[in-house]
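The block underneath contains the structure these notes are about, expressed in structure tokens.
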Amino acid sequence: MKYTTLPNTDIKVSKICLGTMTWGNQNTQDEGFAQMDFALDKGVNFFDVAELYPVPATAETYAETERIIGNWFTKTGNRDKVILATKIAGVGDYTAHIRTTGFSKEALNEAVDNSLKRLQTDYIDLYQLHWPERQTNYFGTRDYVHNSDDKWEDNFNEILHNLDDIIKSGKIRQVGISNEGAWGTMRYLQESKTNNLPRMITIQNAYNLLCRPFEGDLAEVAHRENIGLLAYSPMACGELSGKYIKGIAADNARLKLFPRFNRYSSATATEATKRYLKIAEDHSMSLAQMALAFVNERPFLTSNIIGATNLKQLEENIDSINITLSKEVMDAINAVHAEIPNPAT
């Protein structure tokens with residue numbers, strides 16, 4: 001395994017992070033336990049979860065993933081071996097069963113306290129805001145279109161003050177953002193610098209061969225402001241395994257069970273995936289490992305959040321850390337990207 005540190009801290013994390021959002025839906029508790037055992041044995045010390053998980057989010061399965069991790073901590077006593085990240089859900093139609101109060105002081109305190117109980121721990125290493133409260137172009141929207149009817153009022157300072165209180169209580173150590181844009185990221189950083197408030201140290205956004213918008217303004221922010229990317233969906237919901245275009249996906253594969261998660265399945269994205277598959281095969285690699293190795297090597301990456309529904313997938317994904325892509329492979333990847341840029345955003 002390779003390791004880095006969470007930016008502006010001395011917290012060492014594996015460059016492969018174990019994603020967990022299928023546990024409690026596609027995966028049972030026992031399967032989640034087996035994945036955590038396996039990942040930890042392979043040197044993965046960084047786990048990412050959210051109160052929203054498993055996905056798709058429903059009232060019936062709400063926070064089941066956190067409960068599974070908490071049960072594993074209690075069973076194994078491995079809490080001190082794991083850097084644990086979780087998130088508070090933002091406002092949205094599909095999170096109304098959780099709460100509708102956004103990132104207010106009451107919401108943050110409630111969410112943190114409930115996550116701690118479910119996770120059966122006294123502290124969270126990295127606490128993240130799952131997506132912005134304001135209306136912006138997160139979750140696959142290509143371009144920003146301003147909505148003059150958005151009732152959101154600037155509350156970056158208030159949020160950071162409330163998070164500061166929770167940090168001082170010892171319940172969380174560090175804070176981060178997710179599904180944020182360049183403007184929101186810089187506003188948080190500005191408030192931190194100006195008012196001596198907690199600093200957002202990571203940004204968790206989608207990033208993969210089919211979705212590279214992070215390489216624009218956010219990459220510059222990441223480099224100049226030292227805020228690290230936690231890349232999610234590095235396999236594009238499994239499309240970058242090649243199993244869907246080959247017609248070999250199992251019946252319990254994510255996009256067969258939940259076809260609405262189709263942002264990586266358009267005709268243009270599928271054409272790009274076919275070209276990436278050929279590059280991988282021409283260089284004796286699986287598409288999965290090439291796709292993950294690509295993410296692992298990005299200079300703005302802090303950790304690559306991988307997910308799997310079985311141990312065979314998990315082993316292949318973790319082993320991607322041992323692959324270095326040649327200049328020839330990178331040139332071929334970038335040639336496809338130049339012809340079919342960001343078919344999924």
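Quick look at the values:
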read-out	value
Accessible surface, 1.4 Å probe, highest first, among residues I167, I227	I167, I227
Length released on extending from I248 to N310, taking residue separation times 0.36 nm less the Cα-Cα span	20.8 nm
Local electrostatic count, D10, Cβ distance below 14 Å [Lys/Arg +1, Asp/Glu -1]	+1
Potential extension, Q29-K105 segment - 0.36 nm per residue separation minus Cα distance	24.1 nm
C-alpha center-to-center spacing [the range 312-335, the range 126-158] in angstrom	33 Å
Residue-count net charge about N322 - beta-carbon cut-off 15 Å; Lys, Arg +1, Asp, Glu -1	-1
Accessible area in the full protein assembly, largest first, 1.4 Å probe, for H283, H223, H146, H337	H146, H223, H283, H337
Accessible heavy-atom area order of Y123, Y3, highest first, probe of 1.4 Å	Y3, Y123
Charge dipole of the chain about the Cα centre (unit charges at C-beta), most positive-ward option of V112, G24, G184	G24
Carbon/sulfur fraction of accessible area - the range 263-345, other protein chains in place, 1.4 Å, %	51 percent
Residues with amide H under 5 Å from that of I83, placed H, sequence gap 5 or more	F46, F47
Summed side-chain charge close to T61 - residues other than T61 whose Cβ falls under 14 Å, Lys, Arg +1, Asp, Glu -1	-2
Label-point separation in nm, R187 to D282, each point 7 Å along Cα→Cβ	4.5 nm
³J(HN,Hα) computed for each position of the range 69-79 - Karplus, 6.51 cos²θ - 1.76 cosθ + 1.60, integer Hz, glycine/proline x	5, x, 5, 5, 4, 5, 5, 9, x, 9, 4
GluC sites (Glu not before Pro), loop per DSSP, at most 13 other Cβ atoms within 10 Å - longest free stretch of the chain	154-345
The range 169-182 - phi-based ³J(HN,Hα) in whole Hz, Karplus 6.51/-1.76/1.60, Gly and Pro as x	6, x, 7, 10, 9, 9, 10, x, 10, 8, 6, 9, x, 5
DSSP-loop trypsin sites (Lys or Arg not before Pro) across the range 208-264, with at most 14 other Cβ within 10 angstrom	R260
Cross-link reach list, aspartates and glutamates versus K327, counting only Cα pairs under 15 Å and skipping chain neighbours closer than eight places	D282, E297
Estimated vicinal HN-Hα couplings, Hz - the range 293-298 in sequence order (Karplus 6.51, -1.76, 1.60; Gly, Pro = x)	4, 4, 5, 4, 8, 5
Leading residue at positive end of dipole, the range 247-345 (Cβ point charges), from I279, F300, N342	N342
Estimated FRET transfer efficiency (T268, D150; beta-carbon r; R0 30 Å; 0.05)	0.50
Accessible-area value, Y232, 1.4 Å probe, nucleic acids and ligands omitted, Å²	40 Å²
The range 246-345, relative contact order in percent, only Cα pairs under 8 angstrom and at least six apart counted	34 percent
Point-to-point label distance, A335-F258, nm (Cα→Cβ direction, 7 Å offset)	3.6 nm
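The values are calculated or read from the model by the stated rules, or taken from the named source; none is laboratory data. All values derive from a computational prediction rather than experimental measurement. Note: ideal-geometry Cβ built from the backbone for every residue, glycine included; neighbour counts use all protein chains shown. These accessible areas exclude ligands, DNA and RNA; they are computed on the full protein's heavy atoms, side chains included. Shrake-Rupley method; radii C 1.70, N 1.55, O 1.52, S 1.80 Å.
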